[in-house]
Amino acid sequence: MRDASNRAFGRVHRLASGCLAASLGWSVPALAQDSEVAALDQLVERSASVNSAIELAREQAAAGDLLGAAATYERVLIADENADEARLAYAAILCRLDDRQSARLELRALNGAGGSQAARDEVAKACGVAAPGRPRKSGLSGGIGVGLAYESDALGALQVFPTFFSPSDDGLGVIANASLNGRFGEGSGYAYMDAWGQAKTDLTGPQEDYQIGSLSLGYGTSWSNKDLKLGGVIRHGRISGVENFTEYGGEVELTSASSEGNRTTVRAEAVWQHDPFGFIGGMHYDLAAYYDVRDSARLTWFIGAGAEIKEADFTSDKYVAGRMMAGFDRLLDSRGTYANLSSTMRYVVFGDEEFVPLRRDLRIFTRAAIGTPLVKSGLNIEAAVSHSYRDYSKSSLLADYSSFGGSLSLIWKFGNRR
Amino acid sequence: MIKPISRPAGLLAALLLMTAASGAAMAQTVGIAAVVRNDVKLTTAAKPVLHPAVVRERVSLGNDVVTGAASMTQLLLLDQTSFSVGAKARVRIDRFVYDPSQRASSVAATVAKGAFRFMSSPSLHARPGQSSIRTPVASIGIRGTIIEGVVGKDAIGIARREAAITGAFTADEETATLIVLRGPGRNAQGQIVQGAIDVTANGVTVPLEEGGLAVFIPGPDQAPIGPFRISDRGLGRLQMMLRLLPARGDQLQRIPDPLTDRQFEESQRCTGKNC
């Protein structure tokens, strides 16, 4: 009995002693606590900018505190996922911690861009593998897509002369498009080329095949976080084998990127629109601004606005127009499955002329797509739905137009588009 | 001589002492929010209701840390243990003992939901086995290490795609837990303790002693599945919950107006055979 009591007392005593020790344990370190908290504050303060954080992490690593260095890099990357220099250094630390799988994923996340050569050398030394190559200034990128497209009113889409009644015919066709973007040069200056084309061949419906192409060539220069391009542009379009338009002129584009990777772009274009039938040829001026935002690794979005002026021989062929655009692109999984949605609304005011009905057009186009990679080589399959709508002012006596569309395409993307 | 009557009194004294110790501990700062990204909320002794966290805000025992979508934070504890909290998570530091003079510490934390990464400091290694992380269905005994994990349906999403998990399972979207030991590996440089943890669920303990190994607990009253080597895809998905990754370079493609909207229509001329 006594033994049992003693054992019980012993347990209680140990418990009470433990609690007392814990209590005292908290009070004694409390004196030192201020210095510990101050040390944390200092770590955080030195992590406030990417450069100072990298410096801190290097000091920690040099002192043998690889875990502390890794924590510092993680802080940087939580705050700024585009800190490529920190990501490279983090990958090197992970290799030194023998966590090569995570290091490999970090290097993969670099997307082949950014970071200094010194950081890359550090990765090579720690991991025994080279970091993904830096983006070459010179290079080509682009994509090719081919698929089936359906429109509930394929005829109306090309019924380019508005009518007082609304002929309508749905159609299924093969649609193909391609883009090729090139930059050539070293240093701050470069030559650029942006080519783009699309063709549609009807399988059913109105049998109005079309082809359209655009080519821009020019010179660009980059400084600080800005990029300026100046060049010439030419476009040509055909419907049912007959020239529909040709336009040529010049463009200038200024892009400014923020430290978060968001971009503001202002683009101006002036082209002479050639009318093969000699009636409505004239200059077309376009000024547009876009704001592109990387909201997260998975979500990007943009908004934009533009204004146009068209000159022509007859007042009723002249117009001014304004438009607004917005869209987003959402990455759905780590494989690269994506969804995007965009819409453009354009309001066109034609010149008033005697004996010609007053005309105001509201045109809205919306497109939503979802795509997923089929293989790692950049081949995606994409399904899209769209809606086109034109509302003509009643005074114009023109029939409104509304058409739903859908497409299923294979899209191959190549090159580094970052 | 100890009389039986003294036992309840002793127990009462001990309980009072525990309460006092607990009260003292509750007021103690155990760490700070070292970085805050987007929607991160926490409770503190000064503000006991959830409020937006700010960088360097003090964190005490029992404080809840709650993150929203695309949001994350890193808690730095006094011994410089790092506890990163991913999106849509809820965590709490339950116990923290740190003796700077002995460079020894231990910690106990709870992850109710969401993703986390725990990277222990060297002082934690001085008390191996005294630190732990609890999830609704598992307890992780830490012997000094870097671990990552996720609680909730994201754990199920990763587990279902792991080729190493061959058998069927019924999972609970609220409590399913995936734990991954990341390291340090046995070839880590310097004086670093190799990572090792013991994951216990439903009375079954699975030791993980090699980086890249993982266990999955589908829900309450279920034994751990594993260990298995997590795939790059699974680990990548887990890490995407802990930190944002750079946007894809080709993501920002503005979709042009329909081709026929401007160029073709501009001519206001019908050239098709249906005109």
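Multiply the residue separation of A:D333 and A:S402 by 0.36 nm, subtract the distance between their alpha-carbon atoms, and state the gained length in nm to one decimal. Provide the component values of the computation, followed by the final result.
Working: separation 69, 0.36 × 69 = 24.84 nm, distance 3.41 nm.
In short, 21.4 nm is gained.
Across all Cα atoms of the range A:269-418, the radius of gyration (one decimal) and Dmax (whole number) stand at 19.5, 61 Å.
Here is the list for the range A:262-358: GluC sites (Glu not before Pro) lying in DSSP coil, each with at most 14 other C-beta atoms within 10 angstrom of its C-beta, are A:E353, A:E354. Going from the residue with the fewest nearby Cβ atoms within 10 Å to the one with the most, A:F184, B:F96, A:F328 rank A:F184, A:F328, B:F96.
Put in order of Cβ neighbour count within 10 Å, fewest first, the listed residues B:F169, A:F355 become A:F355, B:F169. B:Q102 label point, 7 Å along Cα→Cβ, cut-off 17 Å on backbone N: hits in the range B:115-141? Zone members listed by number: B:121-132.
Considered as an equivalent ellipsoid built on the Cα gyration tensor, the range A:171-210 has semi-axes of 37, 7, 4 Å, the largest given first. With the cut-off at under 16 Å, measuring from each backbone N in the range A:304-337 to a point 7 Å along the Cα-to-Cβ line of A:V356 picks out A:309-321.
Set the bar at 24 Å for Cα to Cα. Now go through B:K41/B:K153; A:K125/A:K413; B:K41/B:K113; A:K413/B:K153 and name every pair that lies beyond it. Could you put the intermediate results ahead of the total?
Details: B:K41/B:K153 22 Å; A:K125/A:K413 33 Å; B:K41/B:K113 14 Å; A:K413/B:K153 33 Å.
Violating the 24 Å limit, Cα to Cα: A:K125/A:K413; A:K413/B:K153.
The range A:291-358 and the range B:37-58 have Cα centres spaced 41 Å apart. Contact order, relative form, for the range B:93-216: 22 percent (alpha carbon pairs under 8 Å, 6 or more residues apart, mean separation divided by residue count). For B:D198 and A:R108, the FRET efficiency from 1/(1 + (r/R0)^6), where r spans their Cβ atoms and R0 equals 41 Å, is about 0.85.
For A:Y291, A:Y319, A:Y210, the sequence from fewest to most other C-beta atoms within 10 Å is A:Y291, A:Y319, A:Y210.
No lab work stands behind these numbers, since they all come straight from the coordinates. Being a predicted model, the structure only gives us computed values, none of them experimental. All Cβ positions, glycine included, derive from the backbone under ideal geometry; neighbour counts span all protein chains shown.
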